[in-house]
Amino acid sequence: MTMRIFYPFLLLIFLSSWVSAQTLPVGLLENVEDAYRRQQLLGKDSSNSSYMIRPMFMSDRNDLALDPDSSYSLLHFRKLLYSNPKFKTQIYALPLAWQQQVNSHHPYGMNDGSMVQAKGYETQISAGIYAKIGPLSIQFRPEYVYAQNLKFQRLADAPNGVYWNTPVTATYYNKIDLPDRMGNKAYSKMSLGQSSIRLNVGPVSAGFSNENLWWGPGVRNSLLMTNNASGFRHLTLNTTRPVKTYIGSFEAQIIGGRLEQSGFTLNRDPTVPQAIRNELVQKPYDWRYISGITATYQPKWVPQLFLGLARTFVVNRSSMGTGFSNYFPIFGAIEKASFNEADGNNAADAAEKDQYISFFARYILPESKAEVYFEYGRNDHSNDLRDAIVEPEHTRAYVVGFRKLIPVRSADEFIQVGVELTQLEKPATRETRASETWYSHYQVLDGYTNKGQVLGAGIGPGSNLQTLDLSWVKGLKRIGIQLERQVNNNDLFYRFAYASADKNQYINRHWIDLSLGGNVSWNYKNFILNGQLTYIRSLNYQYQWQAKPDGDFWNWNKQDVNNLHAKVGLVYLFQ
């Protein structure tokens, strides 16, 4: 039955013509991606793309003039170096990108790909070439990252905070590979970056890639795939543009890939007392296999609506079998009851896999120049349909958002208003049934990460985020402000509070980041500039709290800190 899923793809390969498969890497030019998405709100995008499966491919998007001052299209993001029509060969130079950021007090930021969480100065440089030889395409775009990685007050160092030298915290963080500092010296790394090699026929592409993926409609966060972590090596079978059928348009991607460890785990952290480290389950020196599928559907009868789903499984390579179901568990049952057979083998096999599933939708209102979207996900199976109906909130997380364009002086200028809410904190069902924090797992002990960063929502496990964005936009140009309130890992906070004999000291002690930032994106001739300056006020940084002698828990010495996050990026187009 599962092989039937591949039949439409195989048919398309044999019946379609060759296409270009150059991509616009996720996050490299956020203003360009955003400009294309805005075209849809204005009713000017004929691609029918959902913009919920990225990276974007150049196919069928070259007719859009993104900027009224320069008529940019995706064709401007490569320069022809060599062409041989006889052998159907072209070689192009890809844009040169230089990203830099600075954090003054402690690490801050997300959705920056191969960059890492670090204090001080950090830079990322990327460039490359794209070659097309008949149906074969090669995109070689490596990335180099350097981070000053200065010392800062970590969770382990926080006085009166949540200490590492407690079994509660150490056991919690032993279920995920998420170091708060990548070692104790400067960090540097060269990677394949946004590179790929593909066979492209019609709207279908198959091959090997190291590119970042983004699945879902979210702007700031998405539950399963974002550019928060480094890209990972994976085999992919995907559409490069919507496939039109009698009932509507479809997009899809299937992947199988390799996730790597950071090398900086609790078992090797000298700040964790040896007695605590001895109690921890030892993490295997092993990579993890990830399989994933995502698909979107645009109904013919409701062309403004896009529906989607995504599912992933992660398993330690040493725990994998060799059958089809081991490499593609994404096609297996969704109900947990289906795994609980008499011999228990399937149940044990399911427990060794870290499963995520999400459903999402995006609805466009061209008359109002607006869109609404949401994503709802779970990190564990429902036992059966009854369980899903009675407690749909168990292990859930969600993203919900709204954006609107308000016309101003001229027809091509707008005020863009955006609101997005992300909730990863466990629901109340944690009081009555076991559940894991999002992105952590009790058997796949490196969790849902690659090289020490979360693959999904950049706010991280157990966290919540509320975002308000106000911007003036005109083509690729943008000037705006962004206000955010981030709750840092409430799951850890409550777990530690429940284990405490004096729960009163945890009232009003959550670690909250309040931020106010300004951002700008501007294009001039061959250059595209983006900048961001954000002030962060961290309330109860690292959950710190100091009581006053009177013992009144509403009257305490606040342990708040200030942080400044600055980011500047420059892209040069070889036109």
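The values are calculated or read from the model by the stated rules, or taken from the named source; none is laboratory data. Nothing here was measured: the structure is a model prediction, and the numbers come from that model. Every residue, glycine as well, gets a Cβ built from its backbone with ideal geometry; the counts of neighbours run over all protein chains shown.
Things worth noting here:
- Check on Tyr376, outside any loop (DSSP other than H, G, I, E, B), modelled with pLDDT of 95 or more, under 30 Å from Leu476 (Cα atoms) and hydroxyl-bearing (Ser, Thr, Tyr): no
- Some residue of the stretch 10-21 being out of contact with any His (no Cβ under 7 Å at 6 or more places or on another chain), hydrophobic (A, V, I, L, M, F, W, C), outside any helix (DSSP H, G or I) and at pLDDT 80 or above: no
- Hey, Lys175 out of contact with any strand residue (DSSP E or B) (no Cβ under 7 Å at 6 or more places or on another chain) and part of a strand (DSSP E or B) or not: no
- Any hit, the stretch 272-290, residues being closer than 30 Å to Arg38 by Cβ, in contact (Cβ under 8 Å) with a residue 12 or more places away in the chain and buried (at least 21 other Cβ atoms within 10 Å of the Cβ): no
- Selection status of Arg362, within 30 Å of Gln40 (Cβ to Cβ) and part of a loop (DSSP other than H, G, I, E, B): no
- Verdict on Gln117 being crowded, with 21+ Cβ neighbours inside 10 Å, touching a strand residue (DSSP E or B) at 6+ places or on another chain (Cβ under 8 Å), under 21 Å from Asn221 (Cα atoms) and modelled with pLDDT of 95 or more: no
- Scanning the stretch 390-446 for residues that are of a type in the set (Asp, Glu) and either farther than 17 Å from Phe359 by Cβ or not in a loop (DSSP other than H, G, I, E, B) (or both) yields Asp412, Glu413, Glu420, Glu425, Glu431, Glu436, Asp446.
- Filter pass, Lys244 being among the basic types (Lys, Arg) and in contact with a Leu (Cβ under 8 Å, 6 or more places away or on another chain): no
- Hits in the stretch 477-522 - residues which are in contact with an Asp or Glu (Cβ under 7 Å, 6 or more places away or on another chain) and charged (D, E, K, R): Asp491
- A residue that is touching a Gly at 6+ places or on another chain (Cβ under 7 Å), over 29 Å from Gly263 (Cα atoms) and without any contact (Cβ under 8 Å) to a residue 60 or more places away in the chain occurs nowhere in the stretch 374-390.
- Odd one out for Arg433 among (1) surrounded by fewer than 20 Cβ atoms within 10 Å (Cβ to Cβ); (2) touching a Pro at 6+ places or on another chain (Cβ under 9 Å); (3) not aliphatic (A, V, I, L, M): (2)
- Residue match in the stretch 346-360 (condition: modelled with pLDDT of 85 or more, closer than 27 Å to Val400 by Cα and surrounded by fewer than 18 Cβ atoms within 10 Å (Cβ to Cβ)): yes
- Among (1) touching a strand residue (DSSP E or B) at 6+ places or on another chain (Cβ under 9 Å); (2) free of Cβ contacts under 8 Å to residues at least 24 places away in the same chain; (3) within 25 Å of Leu224 (Cα to Cα), the one test that Ala295 misses: (2)
- For the stretch 257-271, the tally of residues that are in contact with a helix residue (DSSP H, G or I) (Cβ under 7 Å, 6 or more places away or on another chain) and surrounded by 17 or more Cβ atoms within 10 Å (Cβ to Cβ) stands at 1.
- The condition (being among the acidic types (Asp, Glu) and at pLDDT below 95) is satisfied by just one residue among Asp469, Asp491: Asp491.
- For the stretch 182-233, the set of residues classified as farther than 27 Å from Glu375 by Cβ, among the basic types (Lys, Arg) and either touching a residue at least 60 places away in the same chain (Cβ under 8 Å) or touching a helix residue (DSSP H, G or I) at 6+ places or on another chain (Cβ under 9 Å) (or both) consists of Lys189, Arg198, listed by residue number.
- Of residues in the stretch 224-247 being aliphatic (A, V, I, L, M) and farther than 24 Å from Gly193 by Cβ, the one surrounded by the fewest Cβ atoms within 10 Å (Cβ to Cβ): Ile247
- Single unsatisfied condition, Arg154 versus (1) over 20 Å from Arg233 (Cβ atoms); (2) crowded, with 22+ Cβ neighbours inside 10 Å; (3) in contact with an Asp or Glu (Cβ under 6 Å, 6 or more places away or on another chain): (2)
- Search result, residues across the stretch 381-440 that are among the acidic types (Asp, Glu), in contact with a helix residue (DSSP H, G or I) (Cβ under 8 Å, 6 or more places away or on another chain) and within 19 Å of Arg485 (Cα to Cα): Glu425
- You will find that of Lys132, Lys79, the residue that is crowded, with 20+ Cβ neighbours inside 10 Å and over 21 Å from the mean Cα position of the chain (by Cα) is Lys132 and no other.
- Tallying residues that are out of contact with any helix residue (DSSP H, G or I) (no Cβ under 7 Å at 6 or more places or on another chain) and either assigned to a strand (DSSP E or B) or within 25 Å of Leu237 (Cα to Cα) (or both) within the stretch 277-311 yields 14.
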